[in-house]
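These notes are about the structure you will find just below.
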Amino acid sequence: MQVVLATGNTGKLREMSQMLAPLDIEVLAQTGFAFEPVEETGLSFVENALLKARHAALQTGLPAIADDSGLEVDALNGAPGIYSARYAGPDASDEENNRELLAALEGLSADRRRARFQCLMVFMRHPEDPTPIISQGTWEGRILDTPRGNGGFGYDPLFLIPERNQTSAELPPEVKNELSHRGRAMRGLLAQLQKRLSL
């Protein structure tokens, strides 16, 4: 089964391909098709995920998976939230976004740096799918004041998992896939997808 993944993020593509490989689902990158990504005009993670999946299915004629994910920091009233990828500006790099986050949290003690990654993932059989599969994954942690680790992407070097005393960027890929918001959302999505396909 071929599914288009509605993202240009190579980190997400790598993670999802690893997770879907055992189910014989081939993940095709949206960037392999000649169309522009849809503008993310939703006001929530789930709205943006639905916009992206619908657009990818419409443009490719294939089932589509899309996610919208980001970091919520309690001390920032949930920011950067849906703007996580562009927190420091429209074309901001991971490093620039991380610097912006550190500046916003400067001077705050560890107990005021509570945060979580959220992931809303959707699967649409076709652009008019009236019952898309929707799954949410949440990963609780805390924001450090200096980056640690070389793995992952995005805010991973700043996101500490307290029970492991490691950042997301310090985890081996298979451990990250097991613990992460995206891993949890993906497992929820796959469980629902398997159930639907077996009917």
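If packing is taken as the mean number of other Cβ atoms within 10 Å per residue, what is the order of 188-194, 112-118, highest first?
Answer by packing, highest mean first, reads 112-118, 188-194.
Pull out the extension gain between residue 164 and residue 146, defined as 0.36 nm times the separation in residues minus the alpha carbon to alpha carbon distance; nm, one decimal.
Result for the pair: 4.8 nm of gain on full extension.
Ignoring everything except DSSP H segments at least 4 long, calculate the 222 nm mean residue ellipticity for the chain; use -39,500 (n - 2.57) per segment, divide by total residues, nearest 500.
Result for the chain: -10000 deg cm²/dmol, rounded to the nearest 500.
Assuming R0 = 30 Å, can you tell me the calculated FRET efficiency for the pair residue 178 and residue 43, based on Cβ-Cβ distance, to the nearest 0.05?
Details: r = 31 Å, r/R0 = 1.03.
Efficiency, from the Cβ-Cβ distance: 0.45.
If you average the sequence gap of Cα pairs under 8 Å that are 6 or more apart and divide by the length of the range 65-186, what percent do you get for the contact order? Before the final figure, lay out each step's value.
Numbers: 234 pairs, mean separation 28.3, N = 122.
Across the range 65-186, relative contact order equals 23 percent.
When only alpha-carbon atoms count, how far does the range 87-199 stretch along each of its three principal axes, as whole angstroms with the largest first?
The principal-axis extents, from largest down, are 54, 33, 24 Å.
Tabulate in residue order the Karplus-calculated ³J(HN,Hα) for the range 179-194, using 6.51 cos²θ - 1.76 cosθ + 1.60 with θ = phi - 60°, rounded to whole Hz; enter x for Gly and Pro.
These are the phi-based 3J(HN,Hα) values: 8, 6, 4, 5, x, 5, 5, 5, 5, x, 5, 5, 4, 5, 5, 4 Hz.
Please state, as a whole number in µm²/s, the translational diffusion coefficient that the Stokes-Einstein equation yields for the range 149-199 at 25 °C and 0.890 mPa s, with Rh defined as the Kirkwood radius across alpha carbon pairs.
Diffusion coefficient, whole number: 204 µm²/s.
Mind pulling the angle between the C-alpha long axis of helix 45-60 and the longest principal axis of the chain? Nearest 10 degrees, somewhere in 0 to 90.
40
What do you get for the angle between helix 94-104 and the principal long axis of the chain? Use alpha-carbon atoms, 0 to 90 degrees, nearest ten.
That works out to roughly 50 degrees.
Taking only Cα atoms of the range 1-108, what ratio of Rg to Rh do you get with Rh as the Kirkwood inverse-distance radius?
Taking Rg over the Kirkwood Rh, I get 1.03.
How many Å³ per residue does the convex hull of the Cα positions in the chain occupy?
115
What does the highest-first list of 55-63, 179-187 look like by mean Cβ count within 10 Å?
For the peptides 55-63, 179-187, the packing ranking is 179-187, 55-63.
Under a plain spin-label model, where a point goes 7 Å from the Cα along Cα-to-Cβ, how far apart in nm are residue 33 and residue 93?
3.1
Expressed as an acute angle from 0 to 90° and rounded to the nearest 10, what is the orientation of the C-alpha long axis of helix 10-20 relative to the principal long axis of the chain?
On a 0 to 90 degree scale, this one is about 60.
Report the paramagnetic label zone for residue 75: residues of the range 122-145 whose backbone N is under 17 Å from a point 7 Å from Cα along the Cα-to-Cβ axis.
141-145
Mind grabbing the base-10 log of I(q)/I(0) for the range 88-142 at q = 0.31 Å⁻¹? Debye formula, identical points on the C-alpha positions, no solvent, two decimal places.
Debye intensities relative to I(0), on a log10 scale: -1.12.
How high is the relative contact order of the range 103-170, in percent, with contacts defined as C-alpha pairs under 8 Å that are six or more residues apart?
Result for the range 103-170 is 25 percent.
Every read-out reported here was derived from the displayed coordinates using simple, explicitly stated rules and does not represent laboratory data. Source: prediction; values computed, not measured. Cβ sites come from the backbone with ideal geometry, for glycine too, and all protein chains shown count toward neighbours.
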